[in-house]
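Beneath this line is the structure, given in structure tokens, with notes to follow.
The values are calculated or read from the model by the stated rules, or taken from the named source; none is laboratory data. Everything quoted here is computed from the prediction, not taken from an experiment. A quick note on method: Cβ atoms are made from the backbone with ideal geometry, for glycine too, and the neighbour counts reach across all protein chains shown. Keep in mind that these areas ignore ligands, DNA and RNA; they rest on the heavy atoms of the full protein, side chains included. Shrake-Rupley method; radii C 1.70, N 1.55, O 1.52, S 1.80 Å.
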Amino acid sequence: MYSPTKISFKQQLEIQMISHKILALHGRATTVMIEVTLGKMPVWRYFGATLKSAPGARQWAVTDVRAPLPASIDRLEGVPLFPGEANGQKFSPALSMHRGGLDWVHECILTQWDDSTEGTIRLVLSDALVGISVILVLSLAPESDVLRMRTQLKNHGNAPLELQSMAVATIGLPSAAREIGYFTGQWAQEFQWRRHAIAPTGWERVSRAGRTSHDAVPAWCMLTPETAQFVGQAWCAHLAWSGNHRVSVLPTDGGSFCLQAGEYLAPGEAFLAPGDSIETPELLISYSSNGLDGASVALHEHLQSAVLKWPGGRMRPRPVHLNTWEAVYFRHDLVELTDLAGKASSLGIERFVLDDGWFQGRNDDLAALGDWWPDPTKYPAGLAPLIDHVRGLGMEFGLWVEPEMVNPDSQLFRNHPDWALQISGREFVTGRNQLVLDVFRPEVADYLFSKLDVLLRDNAISYLKWDMNRDLAQAGGADGRASYRRQVHSLYALLDKIRAAHPTVEIESCAAGGARTDYGILRHTHRLWLSDNNDALSRLTIQSGAFRLFPPEIAGSHVGPAPAHTTGRSQSLEFRGAISLFGHFGIEADIRYLSDGDCQILAGWISLYKSLRDTLHHGRFHQGNSATGLTWWMAIDDHRAVLGVFRGTQPDSANEPELLLPPLTGDALWRVRMERCVGKIRAHASIDAPLFDAYREGGAIFSGHELAQLGLPLPTMNAESALIFVLDRLPGNALD
Ligand code: GLA
């Protein structure tokens, strides 16, 4: 150790400058600083709001700013980006590996770095003793300010390498970030947002569902205790991956926190032959100093600009769906479906999606998955007559499939029992009476491609609802090894092959509702089915949770029957319409039996959706809650904002305080019109506030600052009510 007092300031500076360097990424409002020294492990210096210059950090390396602690290893480190096993500190290793029980200690050091590409840092690390190299790539997406990280490991040794775990990296976060926000959930109750302090022991979550899962969507926000929806700091991370995953947050000795996230690897699953490499999924982290809202806006922008790949390169207006599932379930009758399509088109529906029940022998969920050709008793002339009818009515046709699955009671399984994931000698583990096909096997992927290819080639199908109704369990491949991660990669490859062969087809990712919802699957698909729960009250919570990660245009939201089939609860048709308005709108009910009045109501919501979808789906999306328990959702584009205000349960207060709308802040003037008032508003039978009358008539004018700080006056809303406002931006501004 050198003593700074014995040398001049200039000398100190020179020594420090040669020994370490700060590499920085600057986004719109975010800075990331990594300290690098050739021959050492790179460490985190900073991840937060824009910091253009940090002469202190440039001069003093992380090892200079603190002294070794008593009873600790005689080696100082900051938070390493990729700590090894047995690092002597409390950092859990980013990589845990061995070669037949040896080579388990590794310490990767920096051998090369490159920050010559604007917005990207590439770090090459290696441990020559054990024969591995690691490439870490960090970039700050200029459009969205989201930090993207991806890591590659290569085996340079002569013997195979067994990985026990590998995170994308370890992320250093400041001591203020001591709360965690994340999702829990279950079938029909996805995206339940939770938030609490991180225990002194840290926090960890592992998901072994083999898909994103209902309960552990891989998205986590590190927050300060003061962080709220529109204020305070948030670091929101998302692993763009549709399989097993693991995240941990551990406090460090320095009081700061380390977040580590990556795939969860089953034993023996990641096995690198000499010369082989493995790459992690992408870890995205959005930093915001404007609360959770800022992080969501940035993630949405990233998804829209860098993840989704629309047919033709551009998202078309999202068509209104009719999905047949809750209308007819497995009871497919051509005459009934023809009637249903006729009714759908008369209401203004634009896409007719034929759900489960159409293929060979599929009359319930006990049989037939795998036999992907039309059932000849239900569709004697194939699907063409129904498709022609649907298209003749001016609608597109979509079809449900669940390609990765097979029922033991199917022709496919009888012919190829070895095609299912399994462990030899063990009983099959079924879920919804089905098994999972080993899509990694080329003959399985070829079979699935050929069946889907024929369907898409022979029929005018422009949309697939791609389902996946069970978790993976005992997912053994043909070689007996765990096959979770290669299953996900093979699925991605299959989706890509189908999209390349049928580039105009859109695909929805469904997995018993929302069990496969992540930016990994969204590289290959275009819509998410968030939940099998169409109960509008449940949806208020589910969609609020999902909107933290996903924008409304890809979030399927259907008006279902009342009572709702999953909960048995009923809400008014109006309330159901209002909730679905803020998603990719659809109907999932037997509309043939609606009264004329209900048909009119539904047609009204469909036409309102069509008139507003441009703003709803291209605007920036925000959400919030009032102190009195209102939920609001709002999309804002350059000219217009669409605001939905919802109350689920009865209010405690007699009068509703003004609703604060921080995203509207600014000098602009807005004319506020009430488009819809759903449910019961608390008012005298014959007298209403003049302002509320004005909302319904020509509209009332407010400034952006006023709406953000003083708020929008609202009537008191009773349970299960909603107000839909349209705010038109006026020329000029409040100060003119
Ligand atoms: C899953 C989906 C539903 C429906 C059924 C069909 O549960 O989430 O929307 O498609 O499968 O079996």
Calculate the dipole size of region 622-729 relative to its Cα centre from +1 charges on Lys and Arg beta carbons and -1 charges on Asp and Glu beta carbons; express the result in debye to the nearest 20. 220
Of ALA589, ALA500, ALA719, whose Cα points farthest to the positive end of the dipole of the chain (charges on the beta-carbon: +1 Lys, Arg; -1 Asp, Glu; origin at the Cα centre)? ALA500
Where does each of 712-720, 295-303 land if you order them by average Cβ count within 10 Å, highest first? 295-303, 712-720
Roughly how many debye, to the nearest 20, is the charge dipole of the chain about its Cα centre, given +1 on each Lys and Arg Cβ, -1 on each Asp and Glu Cβ, and no other charges? 1180
Cα gyration tensor, region 228-312 - rounded (a/c under 1.5), prolate or oblate: oblate
Highest mean first, how do 24-34, 104-114 rank when packing is the count of other Cβ atoms within 10 Å averaged over residues? 24-34, 104-114
With unit charges on the beta carbons (Lys and Arg positive, Asp and Glu negative) and the dipole taken about the Cα centre of region 9-301, which residue among CYS108, ALA199, LEU161 sits farthest to the positive side? ALA199
Once phi for every residue in region 101-114 is put through the Karplus expression 6.51 cos²θ - 1.76 cosθ + 1.60 (θ = phi - 60°), the whole-Hz ³J(HN,Hα) values, with Gly and Pro written as x, are x, 10, 6, 8, 8, 9, 9, 7, 10, 6, 10, 6, 9, 8
VAL79 long-range amide H proximity, modeled H, under 5 Å: TRP44
Averaged per residue, the 1.4 Å probe accessible area of the chain, protein heavy atoms only, in Å², is roughly 38
Share of the chain's accessible area from carbon and sulfur, percent, 1.4 Å? 53
Relative contact order for region 622-729: what percent, with Cα pairs under 8 Å and sequence separation of 6 or more? 41
In Hz, Karplus ³J(HN,Hα) per residue of region 287-296 (6.51, -1.76, 1.60; θ = phi - 60°; x = Gly, Pro): 9, 9, 9, 10, x, 4, 4, x, 5, 5
Placing +1 on the Cβ of each Lys and Arg and -1 on the Cβ of each Asp and Glu in region 9-301, which of ILE132, ALA270, GLY232 has its Cα farthest towards the positive end of the resulting dipole? GLY232
Give me the dipole magnitude in Debye, nearest 20, for region 22-179 about the Cα centre, with unit charges on the beta carbon: positive for Lys and Arg, negative for Asp and Glu. 240
Mean residue ellipticity (222 nm) of the chain, computed from DSSP H runs ≥ 4 via -39,500 (n - 2.57), nearest 500: -6000 deg cm²/dmol
Compute the label zone of LEU69 within region 250-267: residues whose backbone N is under 18 Å from the point 7 Å along Cα-to-Cβ. 250-259
In this model, which of LYS451/LYS610; LYS154/LYS465; LYS21/LYS90 are farther than 31 Å apart at the alpha-carbon? LYS451/LYS610; LYS154/LYS465
Tell me, what ³J(HN,Hα) does each residue in region 440-447 have, in order and in whole Hz, if you take phi through Karplus 6.51 cos²θ - 1.76 cosθ + 1.60 with θ = phi - 60° and put x for Gly and Pro? 5, 6, x, 5, 6, 4, 5, 4
Defining a contact as two alpha carbons under 8 Å apart and six or more residues distant in sequence, what relative contact order in percent does the chain show? 9
Which order, highest average first, do 365-378, 138-151 follow once you tally other Cβ atoms within 10 Å for each residue and take the mean per peptide? 138-151, 365-378
